Amino acid sequence: MIKANYPVDQFAELRTPFYYYDLEVLRATLQEIIKQTSGDPFEVHYALKANVNPQVLAAVREAGLGADCVSGGEVQAALDAGIPASKVVFAGVGKADWEINLGLDNDIFCFNVESIPELEVINELADAKGKTASVALRINPNVSANTHHYITTGLNENKFGINLSELDKVTTIVKGLSNIRLVGIHFHIGSQITDLAPFQDLCVRVNEIQDYFESQGIKLENVNVGGGLGINYEHPNHFPIPEFEAYFKIFREHLTLRPGQKLHFELGRAVVAQCGSLISRVLYVKEGTSKNFAILDAGFTELIRPALYQAYHRIENLSSDRVEEEYDVVGPICESSDVFAKGYSMNATKRGDLIALRSAGAYGEIMASQYNLRALPKAYTSDELR
């Protein structure tokens, strides 16, 4: 079993907090994705919004994955990392003109289009350049992902995508846009989905929508089912690689591809989360009236998920093998929400101990801020620290 390796002696010499990426875990994860998609007309695009660390992107490129981008900055980062433009998809409900032009200038594979006004703007900008933009329509399948309400995206009430009731209008408009080429349809129902049943529901809905397009005389070359596969935050050591076999099997068995069609996936968290940790030091252990506080030098400026989503991250004291005690594990930020965990059991802790906040490879470094004028942390990899 592959598991994260921590060179604690070298950690002790580094200024905390910092991000640490075990590239062996990442490479094993990428190899499992390749194994589970081999022999199928499947193409995986890594969702850059999870992490754009240059060494992480280099591993993604070496594995042959494409890129799923939601901003012009991410499109540029993918291109700078050497990911071919022919494997870059660009989604996002609010693409600015300069971002669309960047995609057009580089002849990216596809724009995932989320509204009629966006279709019309892309057509106008493509016309000005004498180009034809390849687009996929992002459709809301109205499938519940059974996940946190902040990260569900496939319902009619969400801001993303085109509702099913608009399809007749949209297909009519597409046919009249001379600088638009419809190459597919796109879906994304949410994130951190660990119950795989919603993906089966998505397959049923995609099959129905495919029938609709065929009834309109529209042949689609690509179907993109987005991402959303979750990870095991509770047990990163026992489950360092997500359930890719079961995940891809659902689409293989329940989604009916037409001859020549490709099925695209946009995986982010599932690719990079388990390879990364946020490493911090204990500044103080404070005794309260009814609880003890372990006050770290990392806060929600380095890992915002617990404050934003009430998310769980496993916390490990890398310096201690003493009997476990309970702590509220908190950061130094001047906000009451700067809490990683309450009543958390970990090995007895003292000032100076090194703490690992696990599964921070996704939505850790990429969401870091300089609130309270804190410096952005450095990042290190297992290739550097041996």
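When shorter helices are ignored and each DSSP H run of at least 4 residues is given -39500 (n - 2.57), the per-residue value for the chain at 222 nm works out to -8000 deg cm²/dmol. Dividing the convex hull volume of the alpha-carbon atoms in segment 235-310 by its residue count gives 164 Å³ per residue. Work out which helices of the chain, taken as complete DSSP H runs, extend at least 24 Å along their axis over the Cα atoms and score a mean Kyte-Doolittle of 0.0 or more, then list them. Qualifying helices, which must be both long enough and hydrophobic enough, do not occur. Residues whose amide H falls under 5 Å from that of I180, counting only those 5 or more places apart or on a different chain, are A133, with hydrogens built in the peptide plane. Among P7, V44, A63, which residue has its Cα furthest toward the positive end of the charge dipole of the chain, with +1 on Lys/Arg Cβ and -1 on Asp/Glu Cβ? Towards the positive end, the residue furthest out is P7. Three principal axis extents describe the C-alpha atoms of segment 1-153; from largest down they are 58, 35, 33 Å.
For S290 and Q76, the difference between the fully extended length at 0.36 nm per residue and the C-alpha to C-alpha distance is 71.9 nm. Remark: relative contact order (segment 308-369) = 42 percent; criterion is Cα-Cα distance under 8 angstrom and separation of 6 or more residues. Using Cα springs under 10 Å in a Gaussian network model of the chain, which residue among T256, T194, T349 shows the largest mean-square fluctuation? Most flexible of the set in this elastic network: T256. Of the cross-linked pairs K35/K131; K87/K131; K131/K249, those separated by over 30 Å at the C-alpha level are K35/K131; K131/K249.
Among rounded, prolate and oblate, which fits segment 307-386 when a ≥ b ≥ c are the square roots of the eigenvalues of its C-alpha gyration tensor, a/c under 1.5 means rounded, and a/b larger than b/c means prolate? Cα axes put segment 307-386 in the oblate bin. Here the Karplus relation 6.51 cos²θ - 1.76 cosθ + 1.60, evaluated at θ = phi - 60°, turns the backbone of segment 218-223 into coupling constants of 9, 9, 10, 8, 9, 10 Hz, with x for every Gly and Pro. The amide H of A67, built 1.01 Å from its N in the peptide plane, has Y46, V88, V89 as neighbours under 5 Å, considering only residues 5 or more places off or on other chains.
Over the chain, what per residue volume does the convex hull of the Cα atoms give, in whole Å³?
142 Å³
The phi torsions of segment 189-196, fed into the Karplus equation with coefficients 6.51, -1.76 and 1.60 and a -60° offset, translate into couplings of 9, x, 10, 6, 9, 10, 8, 6 Hz, rounded to whole numbers, with Gly and Pro shown as x.
Annotation: amide H of N112 within the under-5 Å range of F90, A91, A136, sequence separation 5 or more or interchain, hydrogens built in the peptide plane. Entry note, segment 1-136: relative contact order of 16 percent, from Cα contacts under 8 Å with a spacing of 6+ residues. If you take the Cα centroid of segment 192-227 and the Cα centroid of segment 284-333, the two points sit 42 Å apart.
Taking the average, over residues, of other Cβ atoms within 10 Å as the packing measure, peptides 283-289, 83-89, 37-43 rank 83-89, 37-43, 283-289 from highest down. Taking label points 7 Å from Cα along the Cα-to-Cβ direction, N237 and A375 give a separation of 3.2 nm. Normalised by the number of residues in the chain, the average gap of Cα pairs under 8 Å and 6 or more apart makes the relative contact order 20 percent. With the simple model of a label 7 Å out from the Cα in the direction of the Cβ, R15 to A197 spans 5.1 nm. Scalar couplings 3J(HN,Hα) for segment 353-368, obtained by applying the Karplus form with A = 6.51, B = -1.76, C = 1.60 to θ = phi - 60°, are 5, 8, 10, 10, 9, 7, 6, 9, x, 10, 6, x, 4, 5, 9, 5 Hz; x denotes Gly and Pro. For the chain, a crude dipole built from +1 on the beta carbon of Lys and Arg and -1 on the beta carbon of Asp and Glu, taken about the Cα centre, is about 180 debye to the nearest 20. Extending 7 Å from Cα along the Cβ direction at R27 and again at C334 yields two label points whose distance is 4.6 nm.
Bear in mind that the values in this text are calculations on the coordinates, not laboratory data. This is a predicted model, so every value here is computed, not measured. As a convention, Cβ positions derive from the backbone with ideal geometry for all residues, glycine included, and neighbour counts pool all protein chains shown.
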